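Notes for the one structure printed next.
Each value in this text was obtained by applying a stated rule to the coordinates, not by laboratory testing. Source: prediction; values computed, not measured. Cβ sites come from the backbone with ideal geometry, for glycine too, and all protein chains shown count toward neighbours.
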Amino acid sequence: MDSPDDQRKPGLVQRRRQKIADEIARNRRGEYRVPTWVLAVALGVFLAAWIGLIVFS
């Protein structure tokens, strides 16, 4: 018979660790994804260059 502790959902720390472990496993298999912050920085640089081109031309 399962105790109440066995039926509990994994905590935040366990879920986060599993998510990180899954991401590392995906990366080792070659399934790379570009992080959101990299896309946000690229968009910011593009917009700044575009606005700079408009303002300074």
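Some observations on this one:
- The chain, helix-only ellipticity at 222 nm - DSSP H runs n ≥ 4, -39,500 (n - 2.57), divided by all residues, nearest 500: -24500 deg cm²/dmol
- Rounded tilt (10° steps) of 12-29 against the dominant C-alpha axis of the chain: 60
- Formal net charge of residues neighbouring residue 33 (Cβ-Cβ distance under 9 Å; K, R +1; D, E -1): -1
- Environment charge at residue 15 (Cβ cut-off 11 Å; Lys +1, Arg +1, Asp -1, Glu -1): +3
- Read-out P(r) over Cα pairs in 5 Å bins from 0, in percent, derived from the coordinates shown; its label in (i) 4, 20, 29, 23, 14, 7, 2, 0; (ii) 4, 14, 10, 12, 11, 10, 9, 8, 7, 5, 3, 2, 2, 1, 0, 0; (iii) 4, 22, 35, 27, 9, 1: (ii)
- Extension gain from residue 33 to residue 50, taking 0.36 nm per residue of separation minus the Cα-Cα distance: 3.5 nm
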